[in-house]
Amino acid sequence: MRILITNDDGIRSPALPELVCFARRFGTVTVVAPKTEQSGKSQAIDFFHPVEIKAVDLFPGAAAYAMASTPADCVRFGTVGLGVQYDLLISGVNCGYNLGEDIVYSGTIGAIFEGARSGTPGMAISAEAHTFLESLTHLESLFDAFHEKELFARNLLFNVNIPPVVRGMRITRQGGIFYSDRFIKRGEDLYIQEGEPTGVRTDDLSVDIDAVREGYISITPLTHHRTAMDAFEKMRGILE
């Protein structure tokens with residue numbers, strides 16, 4: 001199996017060495033990760049400027065590159081630049097949840113959407129910020145579940161979120177807004193956006209936010225297609 005690993009926290013993320021070591025059990029691993037943190041970059045790419053891509057010797061037994069661009073560009077280099085078709089793309093483990101509607105901003109999620117363009121199955125893994133390193137202890141049971149239930153045979157992309165204390169796993173759907181947002185003035189004509197976890201508790205364990213709050217690893221099947229198929233079917237032919 002050929003595995004590509006990326007993230008949006010950067011090539012120096014403390015989660016990467018253990019993730020790479022774990023993934024090497026299943027096949028050949030290549031790491032292409034941003035040179036610096038790229039959180040909130042979604043599926044952005046840079047086709048206007050030359051970007052630095054440097055081979056680095058950080059992970060025993062795995063080829064690795066630090067790229068001065070976004071997670072999506074890292075995936076593009078891993079596939080198009082290196083000319084490799086991978087069997088699996090792992091993005092993460094992200095320091096902080098990617099839940100609800102806020103996944104549209106996530107570079108972690110953007111990476112697996114980019115991989116889907118070449119048909120690569122993708123798993124984006126995120127965890128609570130203060131315990132994201134401890135979440136690595138759940139990789140074994142997570143991968144066992146994917147294998148035993150043949151999840152990638154059922155869907156191409158999955159968003160996984162791991163709570164601090166795990167009581168089980170749930171297949172979930174995307175919830176609503178997870179973070180509140182506000183602009184904070186930091187100086188003359190200077191503002192910074194800040195937010196904190198919010199959202200209405202529904203006690204519905206089929207929703208990713210509520211499942212994680214109740215201690216379940218949330219596994220959400222995603223699609224990279226943007227067409228509203230219900231609307232398309234209803235409106236098909238009305239302008240012909």
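The values are calculated or read from the model by the stated rules, or taken from the named source; none is laboratory data. None of the values given here were measured: they were computed from a predicted structure. Glycine also receives a Cβ, built like all others from the backbone with ideal geometry; neighbour counts cover every protein chain displayed.
PRO221 passes all but one of (1) touching a residue at least 12 places away in the same chain (Cβ under 8 Å); (2) in a helix (DSSP H, G or I); which number fails? Unmet for PRO221, out of (1) touching a residue at least 12 places away in the same chain (Cβ under 8 Å); (2) in a helix (DSSP H, G or I): (2).
Can SER141 be described as touching a helix residue (DSSP H, G or I) at 6+ places or on another chain (Cβ under 6 Å), modelled with pLDDT of 95 or more and either surrounded by fewer than 19 Cβ atoms within 10 Å (Cβ to Cβ) or not aliphatic (A, V, I, L, M) (or both)? Taking the combined requirement at face value, the residue does not satisfy it.
The residues of region 178-200 that are in contact with a strand residue (DSSP E or B) (Cβ under 7 Å, 6 or more places away or on another chain) and part of a loop (DSSP other than H, G, I, E, B), listed by number, are PHE178, THR198.
Checking each residue in region 67-106 for being surrounded by 23 or more Cβ atoms within 10 Å (Cβ to Cβ) and closer than 24 Å to HIS147 by Cβ picks out VAL75, GLY78, TYR86, LEU89, ILE90, SER91, GLY92, VAL93, ASN94, ASN98. Per the conditions (1) surrounded by 20 or more Cβ atoms within 10 Å (Cβ to Cβ); (2) in a loop (DSSP other than H, G, I, E, B), the sole criterion not satisfied by LEU4 is (2). Residues in region 181-193: is at least one on the phi < 0 side of the Ramachandran plot, surrounded by 13 or more Cβ atoms within 10 Å (Cβ to Cβ) and either free of Cβ contacts under 8 Å to residues at least 60 places away in the same chain or not aromatic (Phe, Trp, Tyr) (or both)? Checked region 181-193: no residue is on the phi < 0 side of the Ramachandran plot, surrounded by 13 or more Cβ atoms within 10 Å (Cβ to Cβ) and either free of Cβ contacts under 8 Å to residues at least 60 places away in the same chain or not aromatic (Phe, Trp, Tyr) (or both).
Set side by side, the residues ILE192, ILE219, ILE171, ILE177 differ, and just one is within 18 Å of the chain's Cα centre (by Cα) and modelled with pLDDT under 95, which is ILE177. The residues of region 9-23 that are part of a loop (DSSP other than H, G, I, E, B) and either farther than 19 Å from PHE113 by Cβ or modelled with pLDDT under 95 (or both), listed by number, are GLY10, ILE11, ARG12, SER13, PRO14, ALA15. Once region 201-213 is narrowed to residues that are part of a loop (DSSP other than H, G, I, E, B) and modelled with pLDDT of 95 or more, the residue that is surrounded by the fewest Cβ atoms within 10 Å (Cβ to Cβ) is SER206.
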